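Here is the structure we will look at.
The values are calculated or read from the model by the stated rules, or taken from the named source; none is laboratory data. Predicted, not measured: the structure shown is a model, and the values here were computed from it. A quick note on method: Cβ atoms are made from the backbone with ideal geometry, for glycine too, and the neighbour counts reach across all protein chains shown.
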Amino acid sequence: MKANGLTLLSGMLACALSASAFADSLPGEGISVQPIQSSVAEETFQTLIVSRALEALGYDVQPVKEVDYNVGYAAIANGEGTFLAVNWAPLHEDKFESAGGDEAFFRDGHYVSGAAQGYLIDKATAEEYGITNVGQLKDPEIAKLFDANADGKADLAGCDPGWGCENVINHQIGAFELSDTVTHNQGLYSVIITDTIARYNAGEPILYYTWTPYWVSGVLVPGKDVVWLEVPFSSLPGARSEVDTTLANGKNYGFEMNSMRIVANREFADANPAAAFLFANMTLDINDVSAQNMIMSEGQNKPADIERHVESWIKANQSEFDGWVAAAKQAAQ
C-alpha cells in the first residue's frame, strides 16, 4: 500500500513538473532570428524594439546585420535574414515586389505611420522671392539662389543611392524639366545635410530633401526655419506612375505619405505564429521615433546609447510592450 502511495505521488509530481515546464516554455525557444537593417543608424531604434519583443518570446535574436536595402530584401526572401523593421511603404514597393512580393514576404500591419517626405527651402528665401513650388526652380534666376558651388545651378541636398528616394528625385527632376537648373547632390546624406545646415546657419539659401521621422526637422523646423515646397503635378517612377501624391490637406509634396512596415521571411512567419503576431500588431508612435532621432543628433548616437534609448522606451511603455508579448504567446497556442 505504501509503495502504491509513493508511486501515485511520484506520478502526480511528474505531471505537475510537466505542466509547469509547459507553462514556462516560450514559443521562440531554440529558434534563431536574424534582423536586417540598412546603414541608416536612425532605424536602429525601431529594429531593436522588435528584437526585444522577440527575445521576450524566447527567440534567439542575433545582432543586427546592416546591408543595402536591396540586399536586405533579397536576404529576407531567401531566408538569410528574418525581418526588416523599416519597409518604407509605398516608397520601397518596387524593391518589395522585385524580391518576391507576398509570396516571399509576410507583411501585415503598419509599425510606424504618418511619415512624410519632400523638398524644403529656407523660409527667408521662400518669402523674399515668393517660392512655393519646386517647378519655380525651372527659372535660372530662381535656381541660382541655391547655387552652392558657383556652377549656376541649384544644389539640392538629395538622397543616398539605393534608398529608393533617389529614384523619385531623379525622375521628378526630369518630369518637371529641371535638369538644366538643378543638380541632385548624392552621397552620404548625413554629411550632405550637415553641410546644408551649416550654410543655413551662415545665412545662405538652402534646398534639400528630407523625410520624417528624422532629426533634421527638429533642427530646421518646418514653418519656422524652412518651408515645404509643392510640386507642379504628381509624378512617380515605375509602377506608381499613375499615383496621385496629393495629401489629405490638399498639399502635393511629390511623395506619398509612407508607413514603416515590418517585413519578414514568409516561411518563418508561417512557422512562427507568435512572431507573426508581433510583426502584424506592434505599433510605434512616429513622435517617439523623432524624439529618439533628435537625441542621436545631439551626440547620443553610439550603439550603447541606442540600446539605452530602447530600454528606456520599453520601461516607459511597459504595459503596451507586455501586452504585445502576452497576445503573441496566445497566438502561438
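Against the test of being among the polar types (S, T, N, Q) and free of Cβ contacts under 8 Å to residues at least 24 places away in the same chain, the options THR194, THR181, THR125, THR132 yield a single qualifying residue, THR194. Of the residues making up segment 83-90, none is farther than 19 Å from ASN167 by Cβ, crowded, with 22+ Cβ neighbours inside 10 Å and in the same structural domain as ILE206 (by TED's automatic domain parsing). Here LEU145, LEU137 are screened, and the one residue that is modelled with pLDDT of 95 or more, in contact with a Leu (Cβ under 6 Å, 6 or more places away or on another chain) and not acidic (Asp, Glu) is LEU137. Residue under question is VAL310, and the condition is that it be within 24 Å of GLU93 (Cβ to Cβ) and in contact with a Phe, Trp or Tyr (Cβ under 8 Å, 6 or more places away or on another chain); does it hold? For VAL310, the condition - within 24 Å of GLU93 (Cβ to Cβ) and in contact with a Phe, Trp or Tyr (Cβ under 8 Å, 6 or more places away or on another chain) - is not met. CYS165 meets each of the listed conditions (1) within 27 Å of ALA239 (Cα to Cα); (2) modelled with pLDDT of 95 or more; (3) touching a strand residue (DSSP E or B) at 6+ places or on another chain (Cβ under 8 Å); (4) not assigned by TED's automatic domain parsing to the domain that holds ALA53 apart from (2).
The set of residues in segment 246-305 that are among the hydroxyl-bearing types (Ser, Thr, Tyr) and within 18 Å of the chain's Cα centre (by Cα) comprises SER259, THR283, SER290, SER297.
The set of residues in segment 94-133 being over 26 Å from the mean Cα position of the chain (by Cα), assigned to a loop (DSSP other than H, G, I, E, B) and among the hydroxyl-bearing types (Ser, Thr, Tyr) consists of THR132 alone. The residues of segment 277-302 that are more than 25 Å from ALA116 (Cβ to Cβ) and either surrounded by 15 or more Cβ atoms within 10 Å (Cβ to Cβ) or touching a residue at least 24 places away in the same chain (Cβ under 8 Å) (or both), listed by number, are PHE277, LEU278.
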